[in-house]
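K.L.:
Have a look at this one before I ask anything.
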Amino acid sequence: MESVLQSFFGAVPQATAIWLIILLALAVAVAAASLPRGVRVGGIPDEENRFAETLEAAAAEAAETAGRRRVEWAAAQDAVDGAWTAYEQASETARRIGSATAFPLMSRRRKPGENVDRQRYLHRVATELCRSQDLSIAQLNDVYAHRGWNPRLHPVQQEAELRNAVREHRFAAYRKAVEKERAAWRGAEAAAETVRGLRAEAATARLRGPEAETTDQQWWAEQWAPAELPVAA
């Protein structure tokens, strides 16, 4: 047997033997490529498909997150509308009650204990407004501490001051609602962009695997076509 092989390789030029080995390797590669997708020689899984499936799963989770962010943004928009409506109502009430103070009040000697009654009135009304969220806790603390508040004013004047405070509180709440809405919009846009990016990468991964493999096979077929093999001497 060894003598036969020695005679064979002695008769065939070395270059021809190299071409035969290349053709044999190409035949093995084509046979492996003809296997169903997801199957490789030796049971190795299709890495391209696995990567694409991972991206698709991540895109599905990101889509759920984007949906929640969209709902949060819609709720934030509703909160902005509600805060603006509350501010407009507070502003109108403050304007209407403030017009009542345009006329001077009659000056008279106060009854004994009247200042105490006025202070109680201020505290009671301020507490009710805070319970209805028309005043903040900080504003209520200022009222009880008499920081910027005169408890001896006439109830009409106190009511006007309280309504101005309500208007300020409602406008501050509106500004906070606008900030939250903008943050929710940025979050929704970022989540949507993540979904778009993951879906694009998954689609590219799906196309890249089979396309790259076909291109490689075509290139090898063009490079090592039997018609272009050198003629053995």
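K.L.:
Go through region 148-158 residue by residue and turn each phi into a ³J(HN,Hα) via Karplus (6.51, -1.76, 1.60, θ = phi - 60°); whole Hz please, and just put x for glycine and proline.
P.N.:
So the Karplus estimates, Gly and Pro as x, are x, 10, 10, x, 8, 5, 5, x, 5, 5, 5 Hz.
K.L.:
With 10 angstrom as the radius, rank HIS123, HIS169 by how many other C-beta atoms surround their C-beta, starting from the fewest.
P.N.:
HIS123, HIS169
K.L.:
Given +1 on the Cβ of Lys and Arg, -1 on the Cβ of Asp and Glu, and no further charges, what dipole in debye does region 88-195 carry about its Cα centre, rounded to the nearest 20?
P.N.:
The calculated dipole for region 88-195 is roughly 680 debye.
K.L.:
Taking neighbour Cβ counts within 10 Å as the exposure measure, how do VAL166, VAL80, VAL125, VAL156 sort from fewest upward?
P.N.:
VAL156, VAL125, VAL80, VAL166
K.L.:
When the Karplus curve 6.51 cos²θ - 1.76 cosθ + 1.60 is applied with θ = phi - 60°, which whole-Hz ³J(HN,Hα) does each residue of region 136-143 get, with x for Gly and Pro?
P.N.:
Once θ is set to phi - 60°, the couplings for region 136-143 become 8, 4, 4, 5, 5, 4, 5, 5 Hz.
K.L.:
Residue by residue through region 165-177, what is 3J(HN,Hα) from phi via Karplus (6.51 cos²θ - 1.76 cosθ + 1.60, θ = phi - 60°)? Round to whole Hz and write x for glycine and proline.
P.N.:
Listing the rounded values in order: 5, 4, 4, 4, 5, 5, 5, 5, 5, 5, 5, 5, 5 Hz.
Readers should treat all values here as calculations from the given coordinates under stated rules, not as data from a laboratory. Just so it is clear, the structure is predicted and the values come from calculations on it, not from any experiment. We place every Cβ from the backbone using ideal geometry, glycine too, and count neighbours over all the protein chains shown.
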